Amino acid sequence: MLLILAIVQNEDAGNLLDGLIGRDYRLTRIQTVGGFLQEGNVTVLAVIEDRQLEDALGIIQANCHSRQYYVNVVPALSEASIIATPYPIEVEVGGATVFVFDVVRLERI
Ligand code: 2BA
């Protein structure tokens with residue numbers, strides 16, 4: 001048994017959950033926040049059989065897309081600059097960040 005922990009963008013979460021549930025995967029969805037952008041994202045937890053891994057990863061790949069975001073960065077003040085002018089930087093957020101763990105035991109009580 002394996003635990004898939006997938007962090008995905010809010011925009012993709014609905015389709016991803018529909019895709020996984022449509023194939024009878026059991027899962028939990030958690031609203032989370034990325035540490036870098038401080039924006040909401042979604043973490044999906046699903047315990048699966050080992051043989052289902054490629055299928056589950058395929059569903060994630062088909063439904064989760066990378067996107068470009070622009071965030072304003074405020075430069076550090078130096079003695080030469082009186083006003084720190086924010087400037088945008090481009091950040092590419094991946095379709096999904098996926099961790100796969102071995103599950104020793106699953107109990108439903
Ligand atoms: P965030 O932490 O908000 O990161 C959003 C995007 O910002 C990242 O996309 C990456 O392109 C960029 N980024 C993150 N940290 C950076 C840094 N120190 N310097 C420069 N750019 C940085 P992704 O890599 O696709 O990650 C998307 C989201 O997945 C992350 O949102 C975070 O919630 C999660 N994540 C990614 N890697 C992780 C890890 N090793 N452990 C735990 N969560 C992770």
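Assuming charge only on the beta carbon of Lys and Arg (+1) and of Asp and Glu (-1), the dipole of segment 11-109 about its Cα centre is about 260 debye to the nearest 20. Relative to the dominant Cα principal axis of the chain, helix 10-22 is inclined by about 10°. Once the Cα atoms are used to define both axes, helix 53-63 deviates from the longest principal axis of the chain by about 40 degrees. When the Cα gyration tensor is reduced to axis lengths a ≥ b ≥ c, the ratio a/c is 1.5 or higher for segment 1-44, and with a/b not above b/c it is classed as oblate.
Considering only alpha-carbon pairs that sit under 8 angstrom and 6 or more positions apart, the relative contact order computed for segment 10-109 is 22 percent. The percentage of C-alpha pairs in the chain whose separation is greater than 17 Å is 60%.
Each value in this text was obtained by applying a stated rule to the coordinates, not by laboratory testing. Keep in mind it's a predicted model, so treat the numbers as computed, not measured. Backbone-built Cβ (ideal geometry, glycine too); neighbour counts: all protein chains shown.
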